[in-house]
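So the structure is just underneath, and the comments pick up after that.
We did not get these values from a lab; they are worked out from the coordinates using the rules stated. Small disclaimer: the values here were computed from a predicted structure and weren't measured. For neighbour counting, all protein chains shown are included, and Cβ atoms are generated from backbone atoms with ideal geometry for every residue, glycine included.
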Amino acid sequence: MSTNYRRIVLPALALAALATAEGGEPGLPGDGWVSWQVAAPDAAPAWCCFSSWNDRDPSRMSCKLDGESSGFSIGNGDETTDSVKIYVRTTRGKIDRLQALAASCPVETATPIQPLEVTSEDSTRWLSARVRSAGSDAKTGRPLGEAALAALALHRGDQARDALVEFAHDADVETRKWSVFWLALLRGPQGADITSTVMFSDADAEVREHAALALSQSKAPRVVPDLIKLGSSDEVGDVRARAWFWLAQLGAPQAEQAIGAAVRKDPDDDVREQAIFALSRLPDERGPKALIAVAEDRSLAHEQRKRAVFWLSQSESESAQAYLDKVLAGNH
């Protein structure tokens, strides 16, 4: 459906007041949708909706903002945007939906959307306050703070970046986790530097583990050496294991040597087992080759070699199947 728009000018002071107001916020309707547009960071992904998992062309499907947005995608191939729109819905004076999408993304709503004139600075301040506020999405039940954080990440400029940095260091666990994710994904080498700092210093292993995932999404040069350092030094086995997993997923040239060392030297049996699984995630024929090397290494425990054979059996690689045939035929 098409959406009718009418222009509303919202003064900066009114928007700033949204950050702390209870009940019906000044400048927002008691019921209905509003939106405003801001500049996005360089190479920001063109967030939109797609018609199916196999066909992610957002031009073929509008985002139905009153629904659960089950087709929403944070990635759309290589398509990027230089501006985003923030959509907010209020019901009986309370915000109950918040979504950021590429400005070009078509949307559908049950009621008209009222456009607001809002500066990026005021939008950043308002969203930052919402990150720490209570409230959940009326359809999905997820905290509105998560949506506010994602929307904040799509704002260009130092003010939004600094807000993400603050949340990455001084917030609850979930907010710290998502803050480093957006920093790594959307803030280039600088975001990777901040994510790395959190990855090595946060007191919570869950945050450090999530930071490893976040860092693996960055194209910064520090990603591979930092993941190797984390896998070799973190005090918690699960964190070390996830570092090896993401290193393998990246297909880094150093992966076999670094992960192979963990298979042989990590003090934790579970980490050694997870490291063998990580080898199976190496791209192309590198995975089977690395697993065969483990299976052939008689200095390793019997269970480790069996685990390597198991992951070889899950591979469709010709070299893996040839090796298993050789073992089954007793020629090994």
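Below 16 Å, Cα to Cα, which lysines can Lys64 reach? Residues fewer than 8 away in the same chain don't count.
Result set, ordered by chain and number: Lys85, Lys139.
When the label point is put 7 Å from the Cα of Glu174 along its Cα-to-beta-carbon vector, which residues of the stretch 131-160 have a backbone N closer than 17 Å?
Inside the label zone: 131-152.
How would the stretch 265-332 be classified by its alpha-carbon gyration tensor: rounded, prolate or oblate, with rounded meaning a/c under 1.5 and the a/b versus b/c comparison settling the rest?
Oblate, since a/c reaches 1.5 and b/c is not below a/b.
What's the exposure ranking of Phe277, Phe200, going from fewest to most Cβ atoms within 10 Å?
Listing Phe277, Phe200 from fewest to most nearby Cβ atoms yields Phe200, Phe277.
Nearest 0.05, what FRET efficiency do Asp96 and Ser233 give at R0 = 51 Å with Cβ-Cβ as r? Write out the running numbers ahead of the final one.
Values: r = 44 Å, r/R0 = 0.87.
Efficiency at R0 = 51 Å is approximately 0.70.
Using 0.36 nm times the number of residues separating Ala138 and Glu316, minus their current alpha carbon distance, what extension gain do you get?
Answer, rounded to one decimal: 59.7 nm.
Given a Förster distance of 25 angstrom, what is the FRET efficiency for Asp325 paired with Glu303, based on the Cβ-Cβ distance and rounded to 0.05?
That pair, Asp325 with Glu303, gives E of 0.65.
Provide the gained length on full extension for the span Ser83 to Lys265, in nm with one decimal, where the gain is 0.36 nm per separating residue minus the Cα-Cα distance. Don't skip to the answer; put the middle values down first.
Details: separation 182, 0.36 × 182 = 65.52 nm, distance 4.88 nm.
Separation in residues times 0.36 nm, less the Cα-Cα distance, equals 60.6 nm.
Classify the stretch 170-250 from the C-alpha gyration tensor, please: rounded if a/c falls under 1.5, else prolate or oblate depending on whether a/b exceeds b/c.
Taking the square roots of the gyration eigenvalues as a ≥ b ≥ c, the stretch 170-250 is oblate.
As a footprinting exposure proxy, order Met61, Met199 by other Cβ within 10 Å, with the fewest listed first.
Listed from fewest to most nearby Cβ atoms, that is Met61, Met199.
Going by how many other Cβ atoms sit within 10 Å of their own, how do Phe181, Phe245, Phe50 line up, fewest first? Show your work: numbers first, answer last.
Details: Phe181 24, Phe245 21, Phe50 18.
Listing Phe181, Phe245, Phe50 from fewest to most nearby Cβ atoms yields Phe50, Phe245, Phe181.
Assuming R0 = 35 Å, what is the FRET efficiency of Ala39 and Ser201, from their Cβ-Cβ distance, to the nearest 0.05? Can you show the working numbers first?
Values: r = 32 Å, r/R0 = 0.90.
With R0 = 35 Å, the Cβ-Cβ based efficiency is 0.65.
Stretched out fully, how many nm does the piece from Ala129 to Ala103 gain, at 0.36 nm a residue minus the Cα gap?
On the way: separation 26, 0.36 × 26 = 9.36 nm, distance 2.29 nm.
Fully extending the segment from Ala129 to Ala103 adds 7.1 nm.
What trypsin sites (Lys or Arg not before Pro) does the stretch 254-332 have in DSSP loop regions with at most 10 other beta carbons within 10 Å? Let's see the in-between values first.
On the way: sites: Arg264, Lys265, Arg272, Arg281, Arg286, Lys289, Arg298, Arg305, Lys306, Arg307, Lys326; in loops: Arg281, Arg298.
Of the trypsin sites (Lys or Arg not before Pro), the ones in loops of the stretch 254-332 whose Cβ has at most 10 other Cβ atoms within 10 Å are Arg298.
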